[in-house]
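One structure below.
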Amino acid sequence: MSNDKLSVALFGFGCVGQGLYDVLNHSEVFQADIARICVKDPAKERRVAASLITFDKEDILNRNDIDVVVEMITDTEEAYRIVSRALGSGVNVVSASKKMLATYFSELHELQEKNGTALIYEGSAGGSIPIIRTLEEYYDNELLSSIRGILNGTTNYILTRMELEGRDYGEVLKDAQQNGFAEADPWSDVAGYDTLYKTLLLSIHAFGIVLKPDEVLNLGIQNISFADIRYAREKGLRIRLIGFAAKAGDKFRIYVLPHFVKPDDELYKVQYEYNGIEVEGAYSCKQTFTGKGAGSHPTGSAVLSDISALTYNYKYAYKKLNKLRRQRHEQGQTGNDLSLLDKDFTLKVYIRFKSKDELARLDIRHVEEEYRSPEVNFIIAEVGFSSLYALRDDIGQNLFVCVVA
Ligand SMILES: NC(=O)c1ccc[n+]([C@@H]2O[C@H](COP(=O)([O-])OP(=O)(O)OC[C@H]3O[C@@H](n4cnc5c(N)ncnc54)[C@H](OP(=O)(O)O)[C@@H]3O)[C@@H](O)[C@H]2O)c1
């Protein structure tokens, strides 16, 4: 691979693909040839020469003059097939597809090891915030205790506007969709799945633990109402959807939940579509990274940085993952990492509910505060985490759960 003219093939020319195209064209130092762009819909108008476009992935995957495949499509299964094929045939890959990466991480990691290829994906978590390489490189030997982040711009935008404008969830979501800050189908964002995929990827690089999306709790803001925001406001707090991963003895506590945050918390200041990630280490203490967590150009710039890194043969060393595997092997532990997920602890949470029956599913150990009125009912209580974990299958429409710090 030569640094002056890298041959790059793109899969996807939507928000991220076009962002990359712009960023690449404006780069004064980095030179690459876009050899081909594979997309799906033949009816769409494109801003590049028709000769660059193909609708057949084989037009790229069968070539032997491509240095880097850049995968930026929304079809998770097809993305997995493309990335696997490229890695298996000796081509390095940059991807931004967090759902695909989190779902198929183990398989893709194995393919890299087997073929000596690199798969890097800075754009998949935190948008323009260079968090994955920071965890890999800067914190490679540091004993990290926790990582917590606002990792989804859409939900943060909705929460910010609800608070600042005193408006309810449905109205603000609709507005966000009209302004391009939320998808037509917002479920992955509002129900916390997008945050979950990113949290899983960050957990791999922070701690070496590999978990599947359906193994980790994600509760989002889909059931939030203005009553919750008002409660937070009265207490001088804000609500933020946070992806959390922390070491707890030999295990790890990992989940996605709405949290009340205090004014002295750096994440309190992260507003609108911005993301913020706080990393805490034994010696480095707390450090917070903020920036645009998504969008065409911010994500495109992260993808370009990855392409550039491949020119100097960069690949993730996965030091923490290798260390954890060694430790588990020495302790005679087999199977996947799910046994390392700690579910045996309590969390202090605010739970708004409609009828008290809805609380029966929860292992409520100590109620600190209870409020009942014709409009709003809530409790603040210590709750066994396992019972919250069980809600991930079906939280229903009436419960809103938020962690109290
Ligand atoms: N948007 C962001 O801010 C952001 C940030 C970080 C990561 N990501 C991730 O990046 C990926 C792309 O997101 P996006 O926002 O750019 O999506 P997008 O704007 O909807 O564009 C998706 C692109 O993928 C192409 N595509 C879909 N299915 C395909 C298939 N089977 N074969 C070939 N091409 C296919 C589409 O082709 P057509 O043009 O023909 O429709 C389109 O060009 C997703 O995995 C997303 O999660 C997005």
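Nothing in this text is a laboratory measurement; each read-out follows from the coordinates by a stated rule. Computed from a predicted model, the values in this text were never measured in an experiment. Note that each Cβ is placed from the backbone with ideal geometry, even for glycine, and that neighbours are counted across all protein chains shown.
Points worth noting:
- Base-10 log of normalised Debye intensity for segment 118-249 (one unit scatterer per alpha-carbon) at q = 0.17 Å⁻¹: -0.94
- Peptide ranges 349-355, 136-142 listed from the most packed, as the mean C-beta count within 10 angstrom indicates: 349-355, 136-142
- Order by protection proxy (mean Cβ within 10 Å, highest first), peptides 222-232, 84-94, 108-118: 84-94, 222-232, 108-118
- Cβ crowding within 10 Å averaged over residues, with 365-375, 332-342 ranked highest first: 332-342, 365-375
- Cα pair count fraction exceeding 26 Å, expressed as % - the chain: 55 percent
- Rounded to 0.05, the FRET efficiency of the SER284 and ALA43 pair, given R0 = 51 Å and the Cβ-Cβ distance, is 0.50.
- Within the listed set GLY123, GLY236, GLY17, the residue fluctuating most in the Gaussian network model of the chain (springs between alpha-carbon atoms under 10 angstrom) is GLY236.
- Normalised by the number of residues in the chain, the average gap of Cα pairs under 8 Å and 6 or more apart makes the relative contact order 18 percent.
- Gaussian network model of the chain, Cα within-10 Å springs - most flexible of CYS15, CYS285, CYS38: CYS285
- Computed P(r) (all Cα pairs; segment 52-105; 5 Å bins; percent): 4, 20, 35, 25, 12, 4, 0
- Computed from label points 7 Å out along Cα-Cβ, the spacing between ALA227 and SER373 is 0.9 nm.
- Sorted from greatest to least, the principal axis extents spanned by the alpha carbons of segment 249-405 come out as 63, 46, 32 Å.
- Phi angles across segment 227-236 convert, under the Karplus curve 6.51 cos²θ - 1.76 cosθ + 1.60 with θ = phi - 60°, into 3J(HN,Hα) values of 4, 6, 5, 4, 4, 4, 4, 4, 8, x Hz, Gly and Pro given as x.
- For segment 13-120: relative contact order, % (alpha-carbon pairs under 8 angstrom, 6 or more apart): 21 percent
- Summarising the label geometry, the points placed 7 Å from Cα in the beta-carbon direction at ASP250 and ALA360 lie 3.9 nm from one another.
- DSSP beta bridges in the chain [antiparallel fraction, %, rounded to 5]: 70 percent
- Simple spin-label estimate for GLU58 and GLU77 gives 2.0 nm between the two label positions (7 Å along the Cα-to-Cβ direction from each Cα).
- Dimensionless Rg over Rh [segment 333-405; C-alpha; Kirkwood]: 1.06
- Panel note: the C-alpha atoms of segment 31-130, placed on their principal axes, show extents of 36, 30, 29 Å (largest first).
- Per-selection Kirkwood Rh - segment 261-346 (Cα, Å, 1 d.p.): 17.1 Å
- DSSP bridge analysis restricted to segment 200-290 gives an antiparallel fraction near 90%, rounded to the nearest 5.
- Between ALA405 and PHE30, the contour length at 0.36 nm per residue exceeds the alpha carbon distance by 130.5 nm.
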